[in-house]
Structure formats: structure tokens, C-alpha cells
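Right, one structure below, let's go through it.
The values are calculated or read from the model by the stated rules, or taken from the named source; none is laboratory data. What you see is a predicted model; the values in this text were computed from it and never measured. Reconstructed Cβ throughout: ideal geometry from the backbone, glycine too, with neighbour counts over all protein chains shown. With ligands, DNA and RNA removed, areas are computed over all heavy atoms of the protein, side chains included. Shrake-Rupley method; radii C 1.70, N 1.55, O 1.52, S 1.80 Å.
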Amino acid sequence: MIAELVSVLAVLAGGSLLVRAAGLTGWSVPAFGLVAGVCVQLTVGLVQVVTPLPTTPVLTLALTAGLPALWWAVRWWRGHDVGLPVRWTALVLAAVAGGVLVLRAANLVKWHTDSLRYLMTGTLLADGTYYSGVSTHNITKRLIGVPLLHAPAQLSGEQYLRAITPLLAVATVAIVVWLFRQGMRDRIDPTQLAVFAVLGGLLLVTGNRFVFSAFYLNGHLLFAVLLLVVAGAGWLLLTGVLTGADRLAPALRLLQLLALPAMVVTRPEGSLMAAVALLPMLLSTRVRVPHRAAALATLGVSTMVWQGFVLWVHRERGEAVPATVAAMLALGLLLLALSAGLLRWETRLSRADRLPSRPDRLLWVAEAGLWLALAGFALRDPAILVDSVDATIQNVVFGDGKWGSSLVALGLLVLGAVTFLRAPGAASLRFPVTTFIPLAFLLAYLRDAAYRVGYGDSLSRMFMHIVPLAVLFVMVTYSRTDWSSLWTRLGSSTEGSERRGVAG
């Protein structure tokens, strides 16, 4: 119990000091602080794995709490307003500690065979035998994000932390609401803002698989909140709600950069999804070039570091290197080259009209490119796509994936928003959600196996990755819609169709 309490509080404290030093205030600090602390924990763990540093969780937690505390102390010493209210801080720490105790007593953990692989890797990290004991299957398919998250449990002789994922679920709901309020507070009236914030939160927490994922020993919920942070921060920066002079902009830029390496080491497709989430911001001249270049460089370097390590392990053991490793290394190199190119041509790009401030059209072109790529693979081998689509329908629509009706309802809301509604600036939220479909089916070809029927199917579980972001997109789009104008347009369209029919 002591190890879990210390671990959770160390991650929370380190992340909270980090985001407070960057400018966040109020109730957003513990929510973003927990996620930021996890990001620091995973990044520190990545450095431990790929260098001669010991992989013991004691060092991981010490650096996770210590490095942000040092930066916070430096900013406080220099006179910046980074203070934490004593009573509020004590209340949050007490609430989190109480939550840890309750969650440990409840022990509602859910698991799958993949969970056992993660826990085995966590044991290897904790006892310093990761290099010699990890299988190449685990190093390429399961990665180190979830094992690093639960490795501190080994300090008390346990295999996993019972409280960290449920607490991340709470933070996810809070972040969805905060992003919505921050982005829409000057665009809709306060009553409407409050109503949609409550409805959006309820839409998220009443989802069957969201509740399941909150207690699941896997990385789906973790990856979902990381994707939410990257896309949500980009949305606020892109739409001009926050400018470089705004006190919150540095915190959002920092959170975005922190989440990228964590995504890389949490899921095999993490680098691809991170690139997709960044693309709307990267195409816009509204976001300053240095940050766009930093985001590209962070994602590129972290991808190359992890995939380079995977390549080295395969070579050391005399095993064939998967083609996906070379492809991801090439992606990392490309991202790094694009980062250097942005910096090199900063002045020219800042004055060019070729990159529009609203890159909606370019995003549709990119999404169409993914569908064309999927069509090309399907022409070569249609069986994988046909079987995958059939399995997905069985899992999502007919209940074999244990989603209930929640995913269908959310999908219909997204479809309605994309088809009938328009919210300025929401394209950066929509793009990662709608491109997930062709990208997911492309991944089936990359792994050379169709998805299958059942709640253990990879895609059925991967849908969780976009659920919080899809909820935010729905909240933004439906709250921004002028419903009276929409009904008028639809009525005029219907009346015009009837007249043309009569005339014909």
C-alpha cells in the first residue's frame, strides 16, 4: 500500500509542480498534473531503458518528482507567480490519498492475456533484467509505457497499481471539460457552456468501455488521454483562443511536447497517431514556427530513439528486424528533417500564403490520401479488409465487443456533426477522430492479420483511444451550432426539393 501511495503522489506532485510552473491554475492543475507526471515518468523510463542507467522504479519516481520540483523552485526563486494554495493543495493530496486507499480496497482491476505480458515486462524493469529477459514480441508489440506505469508496485512485492488508471480516468473527464470550457467560454453563453459541459461529461462516463478501461491493465485509457492532450492543446493554440502572450499558452505547448514521447512508448502505432493529431497545427501559420518545429523534433527524436533501441535488440539477438521498425525509423527521420526545414525557412513561411491559417482543405486531402492507401491495399488483398469490417460490425453494432450502445451513439453524433454541422476551428478535433477509421484498417494490413470478433479484438479495444477526443469534438460542434438557422436551411432545402419534384 505504501509503495502505491508514494508512487501516485510522487507522479501527481511532480506533474502538478510542472504545469503550475508553466502557468496553469485552479482545478486544472491536479488533472493535468497527473497526466504530465505520467508523461515525465514514461520519458524518464525511456531514458533509463536506452541508456546504462538502472531501470529501478526508485530512480524513475525520484526523477519524476525531483526534476519538476527543481524547475518549479527556480521559477519561484526568480519571482514568478507559481505558488500553490496551501489549503487547496492539502485537500487535493488528501482526496487522492483517500482515493488510492478506496481503490486498493475495492480492487476492481480487469485484465486480459495482454495484461500479463505488460506485468512481466514491469517485473523485468523493476529487477534490472529487462535487456536479457524481455522477448522481442513484447518489445515491438507491448512496449514499455504500461510496464513503467505499474513497475513501482514491485517495490512492495505486488504486480500492479490498483489506483493509477482509475485516477487517470477521472483526470480524463476533467480535462475534456476544461478544454471545452477554455475553448468555448467566450463563444457561447455561460448557461449553454455549463449544460454542454455536464452533458459531455455524462456522455463520457456512461460509456461501458470507458468505465471498463478505467480499471483495465492495459494502455488504452492512458493513450486516449495522451491523444486528447495533444489534439486538445493544438486546437486551442490553432483557433487563436490562446496566443503567445496568454499565460496558459506555454503550459499547453509544454503539455503537448510531454505527451508525444509518452505516446511513442505506449502503443506500437503511437508515432503515427501522434503525427495525425499534430497535423492540423503543423499546417497552420497561426501557431508559431518554433513550437511547430519543437513538436516535430520531439516526436521525431523519441520515435528514432525507441525504434533504434528495438532495432539494436533484434540485431543483438540475431533476429530478423520487422519491416515496421525500419518504416518507423524512416518516419522519425522525416519528422526531424521537417523540423529542421521549418526552422530554416521560418521567415519565408511566416510570410507565405501557401499555408492557410485554416488548413481544413489540406486536412481533407490528407484524409482522402489515407482512404486511397486503404483502397490500394484492399485491391491487393481484399480478404483482410472484408473480414476486419465484418468483425468490427459484429463487435460494435451487435454487441460482441461489449461496447453496448455507447459507441454507436457516439458514432452517430460524430457523423451528424461532420455531415450537417459546422463549428469554426473544430477541424483540428475532427481530423484525428475521422482518420482513425482508415488508419485502423491500414494497421490490419501492416500486421498482416484481420481483426476478429470478440471483446478481446485489438480494434474493438483501440476505439477507446479516440472516445474522449470524439466527445470533445461533439461538445464543441453541437454547442456552437445555430440550431434555428440550421432548421431554416434544412426546411428551405426540403421545400426547394419538393418544388422541383412538382415541377418535374
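Taking the stated definitions as given, is Phe431 open to solvent by 10 Å² or more (accessible area, probe 1.4 Å), part of a helix (DSSP H, G or I) and touching a helix residue (DSSP H, G or I) at 6+ places or on another chain (Cβ under 9 Å)? Taking the combined requirement at face value, the residue does not satisfy it.
For Ser132, the conditions (1) closer than 30 Å to Ala249 by Cα; (2) open to solvent by 10 Å² or more (accessible area, probe 1.4 Å) are fulfilled apart from (1). Quick check on the range 380-401. Is at least one of its residues part of a helix (DSSP H, G or I) and closer than 14 Å to Val276 by Cβ? No, every residue in the range 380-401 fails to be part of a helix (DSSP H, G or I) and closer than 14 Å to Val276 by Cβ. Just so you know, in the range 439-464 the residues that are assigned to a loop (DSSP other than H, G, I, E, B) and of a type in the set (Ser, Thr, Tyr) include one that is surrounded by the fewest Cβ atoms within 10 Å (Cβ to Cβ), and it is Tyr455.
Pairs are defined by a Cβ separation below 9 Å, a sequence spacing of at least 6 or placement on different chains, a first member in the range 406-427 that is under 17 Å from Leu204 (Cα atoms) and of a type in the set (Val, Ile, Thr), and a second member that is part of a helix (DSSP H, G or I) and at pLDDT 90 or above; the pairs so defined are Val408/Val396; Val414/Arg430; Val414/Val433; Val414/Thr434; Val414/Ala470; Val414/Phe473; Val414/Val474; Val414/Thr477.
Of note, Leu296 does not satisfy the criterion of being under 30 Å from Pro147 (Cα atoms), open to solvent by 20 Å² or more (accessible area, probe 1.4 Å) and outside any loop (DSSP other than H, G, I, E, B).
Annotation note: of Ala251, Ala197, Ala233, the sole residue that is more than 20 Å from Leu413 (Cα to Cα), in a helix (DSSP H, G or I) and either touching a Lys or Arg at 6+ places or on another chain (Cβ under 8 Å) or free of Cβ contacts under 8 Å to residues at least 12 places away in the same chain (or both) is Ala233. If you go through the range 378-401 and keep only what is open to solvent by 50 Å² or more (accessible area, probe 1.4 Å) and closer than 13 Å to Ala440 by Cα, you end up with just Val389. The test for being open to solvent by less than 20 Å² (accessible area, probe 1.4 Å) and β-branched (Val, Ile, Thr) does not hold for Val47. Residues in the range 264-291 that are touching a Ser or Thr at 6+ places or on another chain (Cβ under 8 Å) and in a helix (DSSP H, G or I): Val264, Ser271, Val276, Pro280, Met281, Val289. What's the number of the only condition in (1) modelled with pLDDT of 95 or more; (2) within 20 Å of Met281 (Cα to Cα) that Leu222 fails to meet? With (1) modelled with pLDDT of 95 or more; (2) within 20 Å of Met281 (Cα to Cα) applied to Leu222, the lone miss is (2). Evaluate the following for Gly83: is it open to solvent by 30 Å² or more (accessible area, probe 1.4 Å), at pLDDT below 95 and within 18 Å of Gly26 (Cβ to Cβ)? Against the criterion (open to solvent by 30 Å² or more (accessible area, probe 1.4 Å), at pLDDT below 95 and within 18 Å of Gly26 (Cβ to Cβ)), Gly83 qualifies.
Scanning the range 364-396 for residues that are in contact with a Ser or Thr (Cβ under 8 Å, 6 or more places away or on another chain) and either under 26 Å from Thr239 (Cβ atoms) or of a type in the set (Phe, Trp, Tyr) (or both) yields a count of 3. Scanning the range 21-39 for residues that are open to solvent by 20 Å² or more (accessible area, probe 1.4 Å) and assigned to a helix (DSSP H, G or I) gives a single hit, Pro30.
Looking across the range 174-191, the residues that are of a type outside the set (Gly, Ala, Ser), in contact (Cβ under 8 Å) with a residue 60 or more places away in the chain and open to solvent by less than 50 Å² (accessible area, probe 1.4 Å) come down to Ile175, Val176, Trp178, Leu179, Phe180, Gln182, Met184, Ile188.
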